[in-house]
Every structure is written in C-alpha cells, then in structure tokens.
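Everything on this sheet refers to the single structure shown next.
The values are calculated or read from the model by the stated rules, or taken from the named source; none is laboratory data. Note that the structure is predicted; figures quoted are calculated from it, not measured. Neighbour counts run over all protein chains shown; Cβ positions are idealised from the backbone, glycine included.
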Amino acid sequence: MNSIKDIYFALIDRIQNYRLDVKNVKFVKLLYLLEWKYVQLNNSRLTDLEWKFWHYGPYPMNFESVLKEEGIDPPKFQLEDDTEFSYFSKTPISDYNVSKPIMNLIENIIQDWGSQDTNKLLDYVYFQTDPMVNVRRGQEINFFTSHPHLHYKKPDIIQVSNESKKKIRSLLENLNSRMEKEKVNGPPAIQDEYLEKALLQMDMMND
C-alpha cells in the first residue's frame, strides 16, 4: 500500500501545477479514478482507504481520519448556507514520495479529468466505471470487479458528404430504371419499396 499522505500531496501538486479549480467533491472523484486505474494496471489496491457507495457516489469513509492522522488539515471555507467545503487547490505542498509509474498515472488522470466539468466527471464515475456497476448505496466498493460491456469500443460512424449522397441517389435511381425495363427481381412496386428504404436510410446519415 502507498501512503495516502504521499498520494494526497502528489494529486495536489498536479492540481496546482495546472492551476485547476478543484473542490472536495471533484478531488475525491479524481482520487477514486486513481484508485480504480491503479487496480486495473496492477491488480492490487493503491491505498487502504475504505471506499463505499455513499449518498450519490464513491467516497472513502476513513478519508478525513487518515488525513488527520497524517497531520493534514485541508483549509475549510464557509458558504452562506453554513455548508463547509475544502478548496484543495489552495493546500500548501509538502514533500512526497511517489513512484514514477504512479506519478504518470496521476498526471494522466489530471490531464484527462482535471479541467472537465464536475458533472461530466460524476456521470463518468457513476455510469462508466466497473466498481459502480450493481453496487448499492451503503455497500463497500469492489475495485476488482470487471464489466467488459463498459469498455466496448463504439463503432465509427461513416461520414457521407451531401455530394456523395447525391451520386448514390442518382446511381440507385438509374439502377431502378434499368431493373424496371429488364423486369428484374419482381414488379416495380417492390423495387420502388426497396429503393425508397435505401434512399431514406441514406438521407438519415449524418443527420
């Protein structure tokens, strides 16, 4: 296991390096992605944080107590409704010891998600990461679960220009005319039905 203090300050360091505005909700989700990606690469946990599906997403239940044990006290800011939140990008950096592979992983996650809208990050965490599939509120999160359907590559959609569609339509119409003259493949009514279906599908491309 790696020291949560080192991981914490390494994340803060990268957040500050890119001058990102990251509050506690987003910070925790970035930490979750780091934990999940590390398990995928190494088949072992990055930290000993106790993650659960809490309220509306993954949360390390012992996070605050671990920070206190390590002597870390994130600054608190008070909102008008008396809600407190931590503004992690303002946390002073201390020395930390993180291996190069972990640092590279942190770098990749910060680059991919650090500047993304928080709601987009939350959608990704809740609906597109393996540990959140089938877990119920209050249950412990299993980072070793795998759901391959989440990672199927979406097929590329072929883009057809309007000019190409016009050429295809002209070819189909000429083919239909020839088929009518040569009495090929049944009566013209059937040929027209198939032609119209083909033209309709073609018109729907790129719409």
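Among the residues of segment 92-103, at least one is modelled with pLDDT of 95 or more, under 17 Å from Arg45 (Cβ atoms) and surrounded by 14 or more Cβ atoms within 10 Å (Cβ to Cβ).
Any chance segment 174-190 includes a residue that's at pLDDT 65 or above and either part of a loop (DSSP other than H, G, I, E, B) or closer than 30 Å to Tyr56 by Cβ (or both)?
So far as segment 174-190 goes, no, none of its residues is at pLDDT 65 or above and either part of a loop (DSSP other than H, G, I, E, B) or closer than 30 Å to Tyr56 by Cβ (or both).
Only one residue in Asp112, Asp73 is modelled with pLDDT of 90 or more and within 23 Å of Tyr8 (Cβ to Cβ), so which one is that? After ruling out the rest, the residue left standing is Asp112.
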